[in-house]
Every structure is written in C-alpha cells, then in structure tokens.
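Asks: Mind having a look at this structure? Questions to follow.
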Amino acid sequence: MVAAGALAFAFALAGCEGKGGSEGLVVRTEILVANCAPTPSLSAFPAGLAVPPQASDVALLTQTDPNAVAIYDLRGDRPRARFAGTLGVDSDADGSDDADTIRSVLGFAVYPVMGEIQIVEAGLALASTSNYEQVLAYDAATGAPIPLTLEQPDALPGLALPLFPPPGTSAQRTGVSTLACVYPEGAVDSNGQAIAPDARCDAARPSFLTNLTAGKAIAGGRLFVATSNLGRSNRFLPGTVLVFDWAQTPSGITVRPSATTPVLFTSGFNATGLAAFQTVGGRELVLVTVTGAIGTGTGPGNVLSEAFVDVVDPAVPRIVATIPLGFAGPSFDAPAIDPSGRVAWLGASSTRSLYAIDLRPLDDPRLYEGDPAPIRLDGQSIGGLDARIFTGDAPFALPPRSDGRASTGCEGLTDVTINASGTEVFASDFCDGTVTRVGLELGGDPPFPYPAARFPVLGQESAFAPNDVVGALRSPLMLVARPGIPGIDFTSPDVLALVGQPDGQLCGIRIESP
Amino acid sequence: MARCARSPDAGERRLHPSTARTALAAALGIGLAALLAGEIASAEPGGSGGSRAPGESEEAADPFEGVEEVTAWAVEAGMVPELVGASTSVLSMDDFVGEDKSLADVLSETAGVSVRRFGGAADPAELSIRGATPSQSVVTVDGIRANSILTGGLDLSQTCAPLVESVEITRGAGSVSEGSGAIGGTVNLVTRAGADQATTLGQLSGGAFETIQGSLLRADRWKGLDYTAGYCGLSTRGDFEFARPVIRSDGVTTRFHPETATRINNDRIVHGGNLAVGRTLGAGQLRLIDLASFSSGGEPGLDSGDGETAGQLRRAHSRNLSNLVQLRWDGASPFGDGEDFSLAAFNRFERARFVDDEQPLLGEVDLDTRLATTGLRTRDRLRHEVLERSLATDLGLDITADLLRSNDRNGRSRINLGAHVGEEIPLLPGRLALFGAARLDWTGDFDPRVLPDVALVATPATWIRLKIQYVGAYRAPSFDELYHPDRGFIRGNPSLDPEEAWTVQGGLEIDLARLGPLSALRFELSGFHREIDESITWILISPRTLAPINTGPAQTNGFELGFSVDWTRYVRFSLNHTFIDSERRDTGERLPGQAKNDTFVRLRVGPEQAWKLVGELHRIDEIPVSEGGSRRLPERLVANFSAAVNLAAQRFVPIARPRALWLFVDLDNLSDEAVRDTLSFPQPGRNLTAGLDFRW
C-alpha cells in the first residue's frame, strides 16, 4: 500500500490528474416547439418572468443553474433570448464573495438562488434571491445591474440588517440585503410552537432571520419586500414585509430601512407576492399575498392554514386591512390587478381554482383612520365591508380540459394574468396544461363584492399537454399578458407562458392576437 | 515447384489455383457462398480446407509441376458459441489483465451495453442494456438476482472486478429465466471459484486522486474441499477537478462561476470479499458461494449553483453493506438423464445508511434501510427422444421473499413466484432448431404474467449462425416506486402498474478461426425492435413533488455490431458499435439518457502473454438529458492507453518465476475531455494508474 501510495503521489506530481475539460462541458439546447425557446439553464423551472408596463418588445426572465437574468426579444412568434447576465459569486457587488459575506452571519456559506422578478417602475426591475437574501436591481431594458446606495440609520426599531452597511454609513451595491433579524412578540410558528430566541439575532428574546425573499413593490416612496420565512422541518415562521425608504434622484437611488416601521408582520404565514396599485379613488396601496402554511404536495389537503390578502398603506406604513380567503392556498405570485383597480385575482397552489377580491372597499376612508389592527373585510367588520369574491370556501373552479384529459396525481396549480384592456383574465393550470379565458364585467357600480356572475368563462385553450404526458411540452407555471393592444402595438403573441417540463421554456401564445 | 503448404507463422496457406479461387470467393463473401454450397460448412477447425486428400504427402509426386505458384488467402472455419437464441456475449476478466479495468469499464465497452456513471472510482455506476433503464435489466451474481428491491437497479461500483471471473451479457432476452425486470436483458457476474491448480491472484495499484486498490485471491483444495477466498479493497479521495457546464441556448451562453470546481466530500473506501467452498456430494457438487461488499464515504451530490463548492453536499455520508450467499447443489438430474440439475437456496442482504446534517430545510437526515431477499432457485434439463429426434426440455422454478425495513417508512414484504418450461426442437438436427419457452411469473400483489420466448436458430455451418427471437417481458414496480414515503417533495405511487414489453430481434454471428493472414475473426450483428408500455417514469407531478407514474407507449429500435480479429499473435483489433433510436409514441420525442451511437475501438499490440500496448477510443453521441430532448450533453471521444509487461514471460527476470507478473501503466481520458453521463454528476478528466498484477 505504501508503494502504491508513493506511486499515486508521484503521478499526481507529474501532472497526470486532468481538469476534466479545458473547454468546459457545453450543454446544448435545441428548439423543439416553434413558439417556445429553452432557457439557458440546467433547471427545469424558470424562477420568474416580467414585462415592462408599457408596450414593449422585451421580457425579463430569471433562472437558476446558473443564476441569471435573461432578456428576451418578443418580436417573433418565438421569444428569442437576446442576453443573459449571470450573478457570479459577488452578486451584490460589495467586493466580497457572497459565501464569505454571509458566513459571518449564518455560520456557513451559501450562495444566492434566483427567485422572481418584477418590474416595479419604468425601467427598473427587481429580482429576489434567497439563501443570500436580497433584492437585486436591473435595468428593465438591458438587464444590466443598477447600482444602489444603501444607508442604515443609527438605530432601527425591531429589526437588524446584518449585511447592510454599518449604522450611520452608506455603501454602493447592486442589491438590497433582506437578511434581517426580526423579533416577533408572542408569535407562534405554523406548528403552533412559540418562536424561540435565535442566537444569531438575540439569544434573549424570540427572534429569527428572514428568508425566502419574495415579492417586491414600490409605493409611496417606499420599497416593500415580502419574506416568506420558512423554518426547518417545513414549518412556517411569521410572514414579514420589510419596509425601506426609496429615494430616487437623478444622481441615483438611495435605499435605507424605514426608521419608524422597518418591518410589518402579515396576517398569516408565508407572505409571498406584492403588488402596488391605485384604487378607483386614487389611493396608492400595496397588496400582499399571504398564502398560509402550504405543504409541498398537491390537492386540498396540501393547504394547512388560512390565507389572506393584506392591504398595506404605504404612506404610514401599516397593514390597514386584510381580506381572508379561508383555506385557499393561493399561488405565490403577486395578485393580478385589473388596470382600473377594481378587482384582483390570484391563482391556487394546490387546486384547479382561482380566487378574486373586490378592491373597491379599499377606498373606504374608515380603513385609514387611527392606528387600529387591520380590518377584516369579510362582511363582519365596519359597515359590513366585504371584499371576498372567490375564496377557499367558494372558489372559481376552472372548467375541465375540453378534450377530457386530466393529469395523474396533480390536482391543480394555477396562475392568472389580466389583459391590458382589463376585459379578460387568463388562467393557466400546471396540471392539465390549459389556458382558460374568464371575462371581467366590471361596469356599473354593483354592491360589494362583485357577484360571481360577472366573471363568465369565455373559453379555453389546450395550450400545453397535461402534466403526465412525459416528453411533451407541459406544466405552465406563470402567465404574463403583454401590455398594449394586440394587433396594433404588436403583432406577435400577446401572452407569455413560462413552462417547466420537460425543460424550462418561454413560450408565446396567441389569445387575442390576430 | 508449386507447393500446397502451410505457413504457420503467417497464417497463410498456399493452394492450388482452382482451390484458391474457391476459397477466396468464400472469404470475400463472408461465408455466404459457403452457406449455399455447404462446402466450408463441413470444414473442421484446424483442417486443411479440403485442398489435400487424407494421407497425401508433400513428398509425393507433384502433379502441378511447372504450374505458377500463387499465394492466396484461405478460410478456416471457427465455432460459434453454444449460446442460442439470445444475443449473448461472454467476457473473461482475465483478458483485461494489466489494464486496470473496472466492471463498469468492461461493460461499457461492450456492444449493446452502456454504463451511466455518477463520478469516478467507487462512485455509483448503473447498467443499461439497449437503452433500457437500470431497473429494466437484471444483474445476477452466479445466477442469483442482485438488483436492489428498493430501486430496481444495481450499483456496479459495489462489486470488485478482481473477484469476478467472467461476465455473461444477454441482450434483449432473459425474462423467461429471470422473470420481472429483464426487459433490456440480463448480466450474470460469475465470481472466481475453483481452479485446476492451486492459484494465487493479486493486484495492487495506485493512481490519480489518491486512489489505491488491491486484491488477493487464493484458490486451492483442502481435505477434499475446493475453496476460493478473495479480498479486494479500494480507497480514494476522489477529489478530481471538473469543468462546470456551459449552457448554449438560442445563441446565448451562460456559465457557472467559477467555471471549474473540485469534487468535494467524495472520499470512499470499498471492501469486498468472496468465498466459495465446494465438495462432492452424491452425484453432484455442493457449493457455498458468498460475495460481500462494504463501502463508506462522502456523498457530494449534484453539481449545481455558483461558488467554489458548486452546490455539493459537504457533510453527507453513506455506508452500504451487501452480502449475497447461496448454497447450491449441481449434479445429475433426478428426473432426466442429463447433468444439468441445480438447486440453490440463497439470501441477499443489503443495508444502506445515509446521513446529512446540513439539509437546508429538512434539518438532519438519517436514513437506515435494510433489504433482504431469500429464496430457492432450481433448474433442470430433461433430454428425451421423440420421433428419433433428441429433444431437451428446460425447467425452472423460483421462489423468493423480499423484505424491506427502514426508519423512514413502514416495513414492506412480498412473495414472488416464477416457473418456466422451455423446449429445444431440432427441426434439422445440427442445422435448424426451434426454441420455445414460457414463464409464469407472479410478483407480490400484481396479477401473474405469462412471458413467452420463441427463437429460431439456423446454424448452416459451425462458423455461422442466424437467429430470430421474440421475447415478452415485464417489470413489477420497485418498493421505492410503490411506497416511497411522502416527504412532500417526493413520494411513491401505490397504484402503479407493471411495465409491459416485448422485443423482436434477429442476428448473424460469424466465427472464423482463420482468414488469410487474419485469425480469430468474429463478427456479430444484431438488430432489435422493442415495444414498452406503462413505462414507469419519475416526474414532477407538481413543481415541488416528484412521483412515479405509468407513461404511454414507447418503442426502441437499434442494432449492435461486434467485430474482432487477430493479425498474427501481435495485433488484435476489436470494434463494438451500438445504435439506438427510441421514440415515445405520444410525443415522437426520444427517450432521455441514450446516445444514438456508441462506438468503441480497441487495438492491442504485442504478444498477449508477454507484453501489450492497448489503445482505445470510445466515441459517444450527444446524450439527451431531458424528457423531450431539448437539452443535450455533448458528444465525446475519449482515448485511453495502457502498457503492460509480464515479467514472468521475460527471460532476464532474475527472481522466482510466478505464472504471471504484470507491471502496468494505464492512462485514461488522454485528451482530458469533460465527461458526463448525466447532467449534474461530473467524471474525472485525465488520470493515470500504475500497478502490478500477479498470478502464482
């Protein structure tokens, strides 16, 4: 054995251990479907998709393996990748390897995992990453990172941001750290256990580090970021929305945690999607999708606790109202809001359902008086305000696939988008591969909430194969309707779909386009 | 003076011109003319090709006085192996002495077989026959099934090559003998047992990535007992450097950062041992055969994500222990007049432990799984005469009980029964035979299946065989596929149906002992068509949950070509080629994980018993790595080289002379290619091993 070991050593010295390919290992993708483009990724499921709010010919896609933001050209029937920028190992451009940076807080090294992307303002896209929790800023037209100036006040009530510049200092980076110590009082996790002290934050009081950075919204001069906060063993810690002051000047953007209210605790577990909008009455608000605790399976049994849509008044900031959805288990995306600000729709994470809320009650001034606890808009609070249209108890059930095919073992995962004119909802189902069109009849001034009859099914397309047709293009995860008028502002497909199987693909679908 | 004489060294014959022309025509037609005329069919190995009458002397008066001497090639018939019906290869591991070949290496270089490797030395490797999945191929050890009842597959890295004497590969058939699972075919590993004389085999080598391996095996007789006892061990650090994937899609390229990484947490030790003890008992031989292995090491997992560690698991660790023991009696049939009866009682035990205290969301994972299969296997061959024809009837009976115990799920068990009968009917004795067989197989709670096997084999001459075969097969789902505990992100599917399949195949074998200056020429061409329905595939039934489902029908077409030839005793050339084209009926897309073309070329130079230089080229087409096939691993051409010298065959060696003492150097992946069989598991680049191999 000694002789053999000596031989091994000698050969190693002689350079007989290769590097396994100096040219790299080139994995090639192939266009197999005329209207779809594979993502430049090894991962099946792309992380996010966004299009600019103005009529535009580009879409931004986020992906993992490797982490990247890709720009797609939408001028043809098939989206074409134009550029992909990878994150690298210093994703926030702080000059340090991300693993080294975060090891000081977590005690071990992790790198970012790219999450969803949203275009929150003209020209500005924000992408979430988890593990290395942050929000990255990108130019929505080019995909180039945008530098931000981060500042931290001398003191923060109820929050610590260990990866922000030290209190009283500032630094320029391309991402906003959302790794925060929060200190919920009297809170429990989704298993009903009291939140214990986390020594990484404060060994003496209940605390935890935020994780799974999700939705973003800018409203009222503030940046809101939802963090889902999943604990070990599939238990959910209280959901949070981090609040940052967002100052945009010609010289750049400055971000600092809100000195008064840096964190909001949501009404339920798993805060995910955020969307800013204006009510019919012109009030700027932020909606928060709070899915409740959800398992990792499928079907109604996968929904473990109650869901809500929380309403944040960005001006204060505080959660002014919450709309209970019951055991709905909505999908994690931001609510899809019609352009007039009257209704918002959500997909479902575990069933073939949609949920909807009426946004008109949010113009009631009583919601914004004083500083009470959030008001439940379930018909049993002030003035009987009820914002619930379709909930877990009374969902909007998508019609079965027209050819009768369903998917084995997959009970539904839906996503919604609303067309630019606000006349239709498009809903996809991961399981059966359909895209269903639902009409939005929002005219007049009916009492709250809108009756279900205002939302007729207009049709359905079998855009993709059911999820169990192995090898076929299937499993739509996310739908996005392009801004603009099909046929006038653009002649290419008007709806984009992120597809997860057999590979991650971005597909163009013609629904209203000629 | 014209002569008709043999030139032994050159392997040539000098023939009378007319005879030479006949022989040349036969040679160029690769025996086709002979098949029709039946002339060469009667030639015996080592015969003269009919050019000289018995007893004719070279000193006799030469009737061709004055005729111009012409040199021509001649044909000497060989003997195709006695395996019938199926497309079968038998590999002797001794043919690869001094080449540092693992079991996975040897199998991957065989026509119709591919090996999916998940790393380097001692990392898992799975077998695929004709593109079938690992669980669709049955691997037996000395005739006893060794596939895991948990996953259906078998990790080839757990079996030490030095303990294996030969490998029998049957493509496209085997379900009648083995029952469930033999859709792609079967592989039987024959462990070393017994020897004509007292023998000691040993091997010691060291190489790249701090890999050291050794083996020692002794076979002898002791007080009426034949015994063989062997040990092999391997230790590796496994810390090879590898290139990360570069993804090119629609004109855009993305890369991981950094672009290379090192395999971490990939150290492993493997210990293996075999014991075979036999003695005469009654009219036969009673043998106890045991093959055991233990391995322990890190589990780096997938290459994914950015950073120096490339997303690998830093602390995951696994330990595996397996043992296969059988007590077997072989002897005269109690029912017939043959010597082909065997009865074996066996037990296969496997324990797998996996520990990782750094799973991001699950916290600590500690899985401890024990599997056991206990059973009886009996075979017999009855010979009888019907209408003056000698017939042979094969009978077999298998009874097994599978047992699963684990700390992460409920215990499971099932009983499996199988019985088969086969008949060999010589339609034209020695020339044309019909084989018919059927098996009734019952696995656990599934309905019993009848598996037919019909073959027609034509042997117009001893050196050529034509065959056509139809085989039915099926595979019952494994315990994991049925009962994997619901962890949210993965779960089993208790409502799965068995996979159903049939294969029709045909082939041609030619074996020529001599063809002009060439000798030991062997050519085999087999084509097949396989249909499979209810194929079991793990898919994401939701973005977060993986589960197995039965999928629609698929078909696979392909062929294998094997060719080998010697030129003098100094050069041997062989070529194996596999072509596989598959299609899922619903989508028209290819099945993933299969390269369309796989070509292996090997050239050995040197007198095999004294020294040898071996060069190999292995080219594999692009491998689709996703269902639907839009993502593909690149095609590759990997070159290997080895040099070995047998000191025992050298006159100048001044030491006690063993039967063989090989010193060797083996350099694999000469051009340092990036090699992967699956997307997320890299394999080593160029690596060198040196060592010695001895036999006393």
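Asks: Pick out the one residue from A:Leu458, A:Leu442 that is surrounded by fewer than 24 Cβ atoms within 10 Å (Cβ to Cβ) and either of a type in the set (Phe, Trp, Tyr) or in a strand (DSSP E or B) (or both).
Replies: Result of the check over A:Leu458, A:Leu442: A:Leu458.
Asks: Any residue in region A:452-472 that's within 14 Å of chain B (Cβ to nearest Cβ): show its pairings with residues that are aliphatic (A, V, I, L, M) and in a loop (DSSP other than H, G, I, E, B) at Cβ separation under 6 Å, as long as the two are six or more apart or on different chains.
Replies: If the second residue must be aliphatic (A, V, I, L, M) and in a loop (DSSP other than H, G, I, E, B), the pairs left are A:Phe464/A:Leu473; A:Ala465/A:Ala472.
Asks: Would you be able to tell me the number of residues in region B:185-199 that are modelled with pLDDT of 95 or more and surrounded by fewer than 17 Cβ atoms within 10 Å (Cβ to Cβ)?
Replies: 0
Asks: Which residue, of A:Asp77, A:Asp73, is more than 7 Å from chain B (Cβ to nearest Cβ), surrounded by fewer than 22 Cβ atoms within 10 Å (Cβ to Cβ) and touching a Ser or Thr at 6+ places or on another chain (Cβ under 9 Å)?
Replies: On inspection, the qualifying residue turns out to be A:Asp77.
Asks: Here's a follow-up. Could you tell me which of the residues B:Arg590, B:Arg544 is at pLDDT below 90 and under 28 Å from the mean Cα position of the chain (by Cα)?
Replies: B:Arg590
Asks: Name the one entry in A:Gly299, A:Gly268 that is surrounded by 18 or more Cβ atoms within 10 Å (Cβ to Cβ) and touching a residue at least 40 places away in the same chain (Cβ under 8 Å).
Replies: A:Gly268
Asks: In the list B:Gly422, B:Gly430, which residue meets the criterion of being in the same structural domain as B:Phe559 (by TED's automatic domain parsing) and touching a strand residue (DSSP E or B) at 6+ places or on another chain (Cβ under 6 Å)?
Replies: Result of the check over B:Gly422, B:Gly430: B:Gly422.
Asks: May I ask you to say which residue of A:Val69, A:Val110 is among the β-branched types (Val, Ile, Thr) and farther than 22 Å from A:Ala122 by Cβ?
Replies: Just a single option satisfies the conditions, and that option is A:Val110.
Asks: Something else about it: Select from region A:473-498 the residues that are touching a Ser or Thr at 6+ places or on another chain (Cβ under 6 Å) and buried (at least 24 other Cβ atoms within 10 Å of the Cβ) and write down the one among them that is nearest to the other protein chains (Cβ to nearest Cβ).
Replies: A:Pro476
Asks: OK, next. What's the number of the condition A:Phe164 fails, among (1) at pLDDT below 95; (2) in a loop (DSSP other than H, G, I, E, B)?
Replies: With respect to (1) at pLDDT below 95; (2) in a loop (DSSP other than H, G, I, E, B), A:Phe164 is out only on (1).
Asks: Also, I was wondering about something else. Restrict the check to region B:675-692 and report whether at least one residue is basic (Lys, Arg), within 14 Å of another protein chain (Cβ to nearest Cβ) and more than 26 Å from B:Val565 (Cα to Cα).
Replies: Taking every residue of region B:675-692 in turn, at least one turns out to be basic (Lys, Arg), within 14 Å of another protein chain (Cβ to nearest Cβ) and more than 26 Å from B:Val565 (Cα to Cα).
Asks: Continuing with this model, one more query. Report whether or not B:Phe335 is among the aromatic types (Phe, Trp, Tyr) and either within 30 Å of A:Glu17 (Cβ to Cβ) or modelled with pLDDT of 95 or more (or both).
Replies: No; evaluated as a whole, the condition is false for this residue.
Asks: So, in region B:121-136, exactly how many residues are small (Gly, Ala, Ser), in contact with a Phe, Trp or Tyr (Cβ under 8 Å, 6 or more places away or on another chain) and more than 18 Å from B:Pro162 (Cα to Cα)?
Replies: Qualifying residue count, region B:121-136: 0.
Asks: Would you tally the residues in region B:599-619 being under 16 Å from B:Asn640 (Cα atoms) and touching a residue at least 40 places away in the same chain (Cβ under 8 Å)?
Replies: Of the residues in region B:599-619, 6 are under 16 Å from B:Asn640 (Cα atoms) and touching a residue at least 40 places away in the same chain (Cβ under 8 Å).
Asks: Given the conditions (1) within 14 Å of chain A (Cβ to nearest Cβ); (2) free of Cβ contacts under 8 Å to residues at least 40 places away in the same chain; (3) surrounded by fewer than 20 Cβ atoms within 10 Å (Cβ to Cβ), and given that B:Arg218 satisfies all but one, which numbered condition is not satisfied?
Replies: (1)
Asks: Can I ask one more? Which strands (runs of 3 or more DSSP E) sit wholly inside region B:610-696 and have at least 3 residues that are over 30 Å from A:Ala465 (Cα atoms) and of a type outside the set (Asp, Glu)?
Replies: Strands (runs of 3 or more DSSP E) meeting the threshold: B:611-620, B:636-646, B:660-668, B:687-695.
Asks: Those residues that are within 14 Å of chain A (Cβ to nearest Cβ) and in contact with a helix residue (DSSP H, G or I) (Cβ under 8 Å, 6 or more places away or on another chain), I need them from region B:493-531; list them, please.
Replies: Residues satisfying the conditions are B:Asn493, B:Pro494, B:Leu496, B:Glu499.
Residues are listed down the side, and each one gets a yes or a no for (1) more than 30 Å from A:Leu477 (Cβ to Cβ); (2) hydroxyl-bearing (Ser, Thr, Tyr):
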| site | (1), (2) |
| --- | --- |
| B:Ile539 | no, no |
| B:Pro543 | no, no |
| B:Thr551 | no, yes |
| B:Gly558 | yes, no |
| B:Arg569 | yes, no |
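Asks: Another one. Would you pick out the residues in region A:423-439 that are within 14 Å of chain B (Cβ to nearest Cβ) and not in a loop (DSSP other than H, G, I, E, B)?
Replies: The answer is A:Ser428, A:Asp429.
Asks: Would you mention how many residues in region A:407-422 are of a type in the set (Gly, Ala, Ser) and more than 12 Å from chain B (Cβ to nearest Cβ)?
Replies: 3
Asks: Which residue is surrounded by the most Cβ atoms within 10 Å (Cβ to Cβ), if the candidates are limited to region A:80-108 and must be closer than 19 Å to A:Thr39 by Cβ and at the interface with chain B (Cβ under 8 Å from one of its Cβ atoms)?
Replies: The residue in question is A:Leu87.
Asks: Of the conditions (1) touching a Pro at 6+ places or on another chain (Cβ under 6 Å); (2) basic (Lys, Arg); (3) modelled with pLDDT of 95 or more, B:Arg449 satisfies every one except a single condition; which number is it?
Replies: Looking at each condition in turn, B:Arg449 falls short on (1).
Asks: Can you name every residue in region B:169-193 that is in a loop (DSSP other than H, G, I, E, B) and under 13 Å from the mean Cα position of the chain (by Cα)?
Replies: Of everything in region B:169-193, those that are in a loop (DSSP other than H, G, I, E, B) and under 13 Å from the mean Cα position of the chain (by Cα) turn out to be B:Gly172, B:Gly184.
Yes/no per residue for (1) within 14 Å of chain A (Cβ to nearest Cβ); (2) within 30 Å of B:Ser630 (Cβ to Cβ); (3) among the small types (Gly, Ala, Ser); (4) assigned to a loop (DSSP other than H, G, I, E, B):
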{"position": "B:Val246", "(1), (2), (3), (4)": "yes, yes, no, no"}
{"position": "B:Ala261", "(1), (2), (3), (4)": "yes, yes, yes, no"}
{"position": "B:Ile264", "(1), (2), (3), (4)": "yes, no, no, yes"}
{"position": "B:Val270", "(1), (2), (3), (4)": "no, no, no, no"}
{"position": "B:Ala276", "(1), (2), (3), (4)": "no, no, yes, no"}
{"position": "B:Arg287", "(1), (2), (3), (4)": "no, no, no, no"}
{"position": "B:Asp290", "(1), (2), (3), (4)": "no, no, no, no"}
{"position": "B:Asp303", "(1), (2), (3), (4)": "yes, yes, no, yes"}
{"position": "B:Ala310", "(1), (2), (3), (4)": "yes, yes, yes, yes"}
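Asks: Right, next: Part of a strand (DSSP E or B), over 23 Å from B:Glu350 (Cα atoms) and among the aliphatic types (A, V, I, L, M): is that true of B:Ala401 in this structure?
Replies: no
Asks: Continuing with the same structure: For region A:127-140, does any single residue satisfy the condition of being assigned to a loop (DSSP other than H, G, I, E, B), surrounded by fewer than 19 Cβ atoms within 10 Å (Cβ to Cβ) and either among the hydrophobic types (A, V, I, L, M, F, W, C) or modelled with pLDDT of 95 or more (or both)?
Replies: Within region A:127-140, none of the residues are assigned to a loop (DSSP other than H, G, I, E, B), surrounded by fewer than 19 Cβ atoms within 10 Å (Cβ to Cβ) and either among the hydrophobic types (A, V, I, L, M, F, W, C) or modelled with pLDDT of 95 or more (or both).
Asks: Which residue pairs have Cβ atoms closer than 6 Å, lie 6 or more positions apart in sequence or on different chains, and pair a first residue in region A:496-513 that is free of Cβ contacts under 8 Å to residues at least 60 places away in the same chain with a second residue that is assigned to a strand (DSSP E or B)?
Replies: A:Ser513/A:Pro486
Asks: Scanning region B:588-607 for residues that are surrounded by fewer than 19 Cβ atoms within 10 Å (Cβ to Cβ) and of a type in the set (D, E, K, R), which turns out nearest to the other protein chains (Cβ to nearest Cβ)?
Replies: Selected residue: B:Lys596.
The values are calculated or read from the model by the stated rules, or taken from the named source; none is laboratory data. Since the model is a prediction, treat every value here as computed from it, not as a measurement. Ideal geometry is used to build each Cβ from the backbone, glycine not excepted, and the neighbour counts take in all protein chains shown.
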